[in-house]
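Reading through the structure tokens given below for one structure.
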Amino acid sequence: MSRPLKVTTAVVLVLAGLAGWGVVLTGQGLDRAEKWISIVGVCLSTLLGLAGLVLAWLTWRQGQPTPTPPPTVHTPGPGAVGIGGDNQGTIRTEATGTTTAAPSLPAPGPGISASGIGSVAIGGTNTAPVHTKVTGPGTSGTP
């Protein structure tokens, strides 16, 4: 059944139900019809309120993010720092006396990787300063 046909069928059924209620209520007289309308109104309003609460609860539960496992972090170089998530603290790294870079190995899986001397890798948002100092033979400013 196509969507327009479903909508048309639903509208026709609702209108037929309303027409049926109109026929029933006109045969009841004004006093009894008013009582029927009050009873049906209370029941419908309670059902609609409960349906609204259920939908609100389902929407709220659906909006809650499911916790994801932290990413893989790989930092093989001297003085290297790898942070898998957000960072709010100062990062200070210093590598002294290193003469050669660490071999660049592939990361063991998905995630963060900081493989050079004094390198920093952050997998999320960084809101703090990052200070990296590399000293030793072959670097500018050798002591």
Quick check on my filter: what residues within the stretch 76-92 are of a type outside the set (A, V, I, L, M, F, W, C), under 18 Å from Ala128 (Cβ atoms) and over 27 Å from the mean Cα position of the chain (by Cα)? Gly79, Thr90, Arg92
Inspect all residues belonging to the stretch 38-61 and state whether any of them is within 30 Å of Thr135 (Cα to Cα) and either part of a strand (DSSP E or B) or of a type outside the set (Ser, Thr, Tyr) (or both). no
Can you name the residue in the stretch 21-37 that is small (Gly, Ala, Ser) and in a helix (DSSP H, G or I) and is also surrounded by the most Cβ atoms within 10 Å (Cβ to Cβ) among such residues? Ala33
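Where a number appears in this text, it was derived from the coordinates with a stated rule and is not lab data. From a predicted model like this one, the values you see are computed outputs, not experimental measurements. Positions of Cβ are backbone-derived with ideal geometry, glycine not excepted, and every protein chain shown enters the neighbour counts.
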